[in-house]
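Working notes, beginning with the structure itself.
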Amino acid sequence: MAKYVYLFSEGNASMKNLLGGKGANLAEMTGLGLPVPRGFTVTTEACTRYYNDGKVIADEIEKEISEMMEKTENLVGKKFGDPKNPFLVSVRSGARASMPGMMDTILNLGLNDTVVEGLSELTGNERFAFDSYRRFIQMFSDVVMEVEKSKFEKILHGVKEENGAKFDTDLTALNLREVVKRYKELFKQEKGFDFPQEPKAQLMEAVKAVFRSWDNPRAIVYRRLNDIPGDWGTAVNVQEMVYGNMGNDSGTGVAFTRNPSTGEKKLYGEFLMNAQGEDVVAGIRTPQSIEQLREINPEVYNQFADIAEKLEKHYRDMQDMEFTIEKGKLFMLQTRNGKRTAAAALKIAVDLVDEGMATKQEAIMKVDPKQLDALLHPNFEPKALKAAQPVAKGLPASPGAATGKVFFEADDAVEASKGGEDKVILVRLETSPEDIEGMHVSQGILTGRGGMTSHAAVVARGMGTCCVAGCGDIKINEEEKYFTDKNGKKYAEGDWISLDGSTGNVYGERLPTVEPEMTGDFSTLMQWADEMRTLKIRTNADTPKDAAQAMSFGAEGIGLCRTEHMFFEPDRLPAMREMIVARTEQQRVKALEKLLPMQRSDFEGLFTEMKGYPVTIRFLDPPLHEFLPQADEDIQALAKEMGLEYCELKSIVCDLHEFNPMMGHRGCRLAVTYPEIAEMQTRAVIEAAINVNKKGMSVIPEIMIPLVGETKELKYVKDVVVKTADSIIEKAGVQLQYKVGTMIEIPRAAITSDEIAKEAEFFSFGTNDLTQMTFGFSRDDAGRFLDEYYNKKIYESDPFARLDQTGVGKLIKIASELGKQTRPDIKLGICGEHGGDPSSIEFCHNLGLNYVSCSPFRVPIARLAAAQAAVGGGAMGQK
Ligand code: PEP
Ligand code: MG
């Protein structure tokens, strides 16, 4: 029979998949003999079974939970529901991958009207007993019974006001009794029945609620953003309560073994005396730094510092720990590998190797490739920054520079971003997990309250988003959507501000930014990654500028140059349009002759920039109507410019209209109908290569034919290319090698690729179109319904961002195998957006592709992801 519940003493750190990260580490700490309150873990398998059984806990699991509860009671020597010797527990979620704040926690479970009196008598601390009870009622009602938290907060606020209390800690026992009374009245009013008094029922309901929270909307969004599969489920940890709210000799805190912002090797954290866990994170009171604990209670500080060191050595990584002090006694409630900024991740990884705590292979696995993004993004232009005057200062919670328009609600930020606003700053009193999507679309986050471990700070650091937290200098009015800075100046929705996440400064203006420079730890780690990876990393670049950027990030070639982008340049567009409106081949050739020198110089620029690295040039791909205006007045203006009659041009535009342009006259179909286009492009590529090779380079250009579905159409275009190229080479009297290959972006091409490989010297998987054609929905419109698909758990992620390995991946696998059957040395690469996505890169590595090609800013991400795939575990091993 399967075992669904484990005592902490029965598990260990290697059982993360079953016990969740938190449960496995609590078990490991128990095994290490650290002061961990006793308890047990209900496994992730129990969670998946709960869902498979139609959201019910099977009798056998319920029985096992009750048995473990009894065992724990015996261990602790207290009894659940016994007012004379009450046993209270915390109930916390804990998935395999840490998902901070995404799921729910309930503290002080086991309290009811009689137990609270018993607890009060037993501890001689009535205030503490009722403080615990009011917390429990609120958390249980919110998490389990879905009564809004804010309604309870309103009551608490009211009682505080009535009694002139500034902080929660100022409330007396009598005040808290009153809070409890009003909470219970509210509960009854909302639910129609009394607050549940039976501890066992409370426990089962709480376990179910944690299971349910695995599927709450914010957890679903978090999983999608972090590539966490929906079928993992969460474990539930039930643990003996220890009390940080027992008075001024008690407290609770969070600390890291190294600074999570900079990576500096120094204990770093915050705590609050006379408080329970949620007070620190919620930012209601401003916590003290861990340093101050040394003064308040040196003994506990030293014990904690020793444990921290021991844990770091044990896990050989920076630890993020939660602790509680109950009447001067220390308890460890959690340890895990700490989330950190990109800069800290690099420093810690390199330092751990220097300190002999990790191998280079282990070090590269400690950095999440996606995080590198944060290092590659702009900082403020130093001169402008120096000249600017901050209008407020908060905590430097997550580094980077952000400039953008302010929005006061997460939904507004999301809306603005959907509407095309790419510079958004979310300003909130404090953030909560519901804000996750709004935080994700924001360049920066500014909060009025909360410390360095507040929700905003933790989440922003994880996302690599700039964040200034706890900025008391500003007064935020969320309802009326404005804030005032320290000088009293008002900022309304849409006004520009800038945030410096490294200093905590806020600027009331738009500041210019500059590109970052990468040195030190970054290049060390990248060098290690390069030694380990087998996949080559190329870039998608259409201009020498992009190519240079990618080269500076370590690209080893261009995997996709989309030539059409060159024709949108203002100096080329007229010739391009002339070519499109041509009625005869002669007219077309004349227009193409104008384009030839421009295109040739484009390629010379690219070849020169790429210094002999391979360059793949893709021939014209989009439907031609994209180059012509659509609105009548624009057609009129263009007709005049081109010396045509309006109706003549209008009829050409109408002729080019297609019902499904993405599946219409585009890709190689253009070259089949107008071979002279392929001829001109071949001429430009070959002549450019000859020209730069004359200057001492050794370019071997790769010509890539797009959107092939049938080998004969590839052969037709290839014949045009080869005939043109060979004649130019012969006339020039030079030696020049070149390759002709194709994109695989149509399912038919994938499944007939043994045939296609007879003509193609290389395949590049165009997974944007391949995904579109395989799923049968448009890459431009999928956004309209994908949200519904996530909510209904049909899809977990956007197949245009993360490769659908089951379907599209299967086609890639088939095509690779068939291609190799025909041509064992065929070169295989990928150039769709997935080429820069870590989990997709891991897939490409496992399939034995030769390279991935991605946008310049993703090159470092791809280098690291490729190394992680080679070392093993890949992107998913990170979680
Ligand atoms: C693709 O389809 O994956 C591709 C790279 O081509 P494009 O995005 O230009 O259609
Ligand atoms: Mg394509």
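Remarks
- Peptide ranges 336-349, 724-737 listed from the most packed, as the mean C-beta count within 10 angstrom indicates: 336-349, 724-737
- Kirkwood hydrodynamic radius over Cα pairs of the chain, then Stokes diffusion coefficient at 37 °C and 0.692 mPa s, in µm²/s: 108
- Near C467, the amide H atoms lying under 5 Å from its own belong to A397, S398, I445, G501; only residues 5 or more places off or on other chains count, and H is placed 1.01 Å from N.
- Cut-off under 5 Å, modelled amide H: who pairs with I703 long-range: I617, K739, V740, G741
- Each of W496, W214 was scored by other Cβ atoms within 10 Å of its Cβ. Arranged with the fewest first, they read W496, W214.
- Count of lysine pairs in the range 243-340 with Cα separation under 19 Å (8 or more residues apart, or interchain): 9
- When the Cα positions of A469, L429, N505 are compared along the charge dipole of the range 377-514, N505 comes out farthest toward the positive end, with charges on each C-beta of Lys, Arg, Asp and Glu.
- 3J(HN,Hα) along the range 858-872, derived from phi through the Karplus expression 6.51 cos²θ - 1.76 cosθ + 1.60 where θ = phi - 60°, amounts to 9, 4, x, 4, 5, 4, 6, 4, 5, 5, 4, 5, 5, 5, x Hz, with x in place of Gly and Pro.
- When only the Cβ of Lys, Arg, Asp and Glu is charged (+1, +1, -1, -1), the dipole of the range 5-242 relative to its Cα centre reaches about 480 debye.
- Shape of the range 751-875, Cα gyration tensor, a/c cut at 1.5: oblate
- Whole-number percent relative contact order across the range 767-879, with pairs defined as alpha carbons under 8 Å at least 6 apart: 22
- Extending 7 Å from the Cα toward the beta-carbon at both T584 and L7 defines two label points whose distance is 9.6 nm.
- Restraint check, K151/K181; K151/K191; K712/K758, Cα-Cα greater than 18 Å: none
- Karplus-derived HN-Hα couplings along the range 600-612 (A = 6.51, B = -1.76, C = 1.60, θ = phi - 60°), whole Hz, x at Gly and Pro: 4, 6, 4, 5, 4, x, 5, 4, 4, 4, 8, 6, x
- Angle in degrees between helix 838-847 and the longest Cα principal axis of the chain, rounded to the nearest 10: 60
- Acute angle (nearest 10 degrees) that the helix 59-76 long axis makes with the longest principal axis of the chain, alpha-carbon atoms: 50
- Multiplying the residue separation of D798 and S552 by 0.36 nm and subtracting their alpha-carbon distance yields 85.6 nm.
- Unit charges at the beta carbon, dipole of the chain: most positive-side option, C668, V441, L26: L26
- The range 377-514 shape via C-alpha gyration tensor axes, a/c threshold 1.5: rounded
- For Y6, neighbours were defined as the other residues whose beta-carbon sits under 14 Å from its Cβ, and their charges (Lys and Arg +1, Asp and Glu -1) total 0.
- The ranking of V852, V441, V615 from fewest to most other beta carbons within 10 Å of each one's beta carbon is V441, V615, V852.
- Label-point separation, K166 to Q303 (7 Å along Cα→Cβ), nm: 3.2
- The label point for Q636 and the one for K695, both projected 7 Å from the Cα toward the Cβ, are 4.7 nm apart.
- Potential lengthening between T822 and K151 on full extension [0.36 nm per residue; Cα-Cα distance subtracted]: 234.6 nm
- In plain terms, the residue of F331, F763, F140 with the fewest other Cβ atoms within 10 Å comes first and the most crowded comes last, giving F331, F140, F763.
- Residue-wise HN-Hα coupling along the range 477-488, computed from phi with Karplus coefficients 6.51, -1.76, 1.60 (Hz; x: Gly, Pro): 10, 5, 5, 8, 6, 7, 9, 10, 8, 5, 8, x
- Rounded to 10°, Cα long-axis angle of helix 342-354 versus longest principal axis of the chain: 80
- When only the Cβ of Lys, Arg, Asp and Glu is charged (+1, +1, -1, -1), the dipole of the chain relative to its Cα centre reaches about 1320 debye.
- Fully extending the segment from E415 to E60 would add 123.1 nm, taking 0.36 nm per residue of separation and subtracting the current Cα-Cα distance.
- Of the peptides 752-762, 603-613, 52-62, the order by per-residue mean of other Cβ atoms within 10 Å, starting with the highest, comes out as 752-762, 603-613, 52-62.
- Calculated [222 nm] ellipticity per residue, helices only, for the chain: -14500 deg cm²/dmol; basis is -39500 (n - 2.57) per DSSP H run with n ≥ 4, divided by all residues, nearest 500.
- Less than 5 angstrom separates the built amide H of K536 from those of Y851, V852, all sequence-distant by 5 or more or on a different chain.
- Per-peptide average of other Cβ atoms within 10 Å, ordering 228-237, 700-709, 311-320, 191-200 highest first: 700-709, 228-237, 311-320, 191-200
- Total lysine pairs under 24 Å (Cα atoms) in the range 509-657, excluding pairs fewer than 8 apart on one chain: 9
Values in this text are rule-based calculations from the coordinates and carry no lab data. Quick caveat: nothing in here was measured; it's all calculated off a predicted structure. Neighbour counts run over all protein chains shown; Cβ positions are idealised from the backbone, glycine included.
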